[in-house]
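The values are calculated or read from the model by the stated rules, or taken from the named source; none is laboratory data. A quick note: this is a predicted structure, and the numbers were derived from the prediction, not measured. Note: ideal-geometry Cβ built from the backbone for every residue, glycine included; neighbour counts use all protein chains shown. Remember, those area values only see protein heavy atoms, side chains included, never the ligands or the DNA or RNA. Shrake-Rupley method; radii C 1.70, N 1.55, O 1.52, S 1.80 Å.
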Amino acid sequence: AKPVVVETPFGRLGLSICYDLRFPELYRSMSDLSAIVAPSAFTETTGRAHWEVLVRARALENLAYVIAPAQGGYHLSGRETHGDSMIVDPWGVVLDRLPRGSGVVVANINPTYQAGLRKNLPALNHRVLPA
């Protein structure tokens, strides 16, 4: 997939979807951004097993905020989606979450904090791509 980036009043924001979480190279290509959005409709089964782990991993490995709104509940089709909306900071900390139901999650995005982490843990600058 090709990275999709939009300009916002808060800076450049990367766009993805839940299935994209399984492809870390897409998120690495957006690692220069301050935040990436990953809305989800994970099934209950895969969501319970993989959702939080994948969201936190993408935040950690890219030292980026990940905003992860997630559809949850039972649907007319009989499908059950997992839910668990969250905002994760660049250190992998879940700043706010809504496990299930209608509502919102809110958190501050702190570019100074993110820049400090990237300076003190310069892993993004130490990458060596295979030849």
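For the chain, what does -39500 (n - 2.57) per DSSP helix run (n ≥ 4), summed and divided by total residues, give at 222 nm, in deg cm²/dmol to the nearest 500? List each step's numbers first, then the result.
Details: 3 runs with 26 residues, N = 131.
-5500 deg cm²/dmol, from helical runs alone.
Annotation for residue 45 and residue 106: the two label points, set 7 Å from Cα along the Cα-Cβ direction, are 3.8 nm apart. The portion of the accessible surface of the chain made up by carbon and sulfur, rounded to a whole percent, is 60 (1.4 Å probe; DNA, RNA and ligands excluded).
For the chain, the solvent-accessible area of protein heavy atoms averages 59 Å² per residue (probe radius 1.4 Å; ligands and nucleic acids excluded). With the convex hull of its Cα atoms as the shape, the stretch 1-125 has an orientation-averaged projected area of 7.9 nm².
Quick one: net charge around residue 88, please, counting Lys, Arg +1 and Asp, Glu -1 for every other residue with C-beta under 14 Å from its C-beta. Don't jump to the answer; show the numbers that get you there.
Details: positive: 56, 58, 97; negative: 52, 61, 84, 89, 96.
Value of the local net charge: -2.
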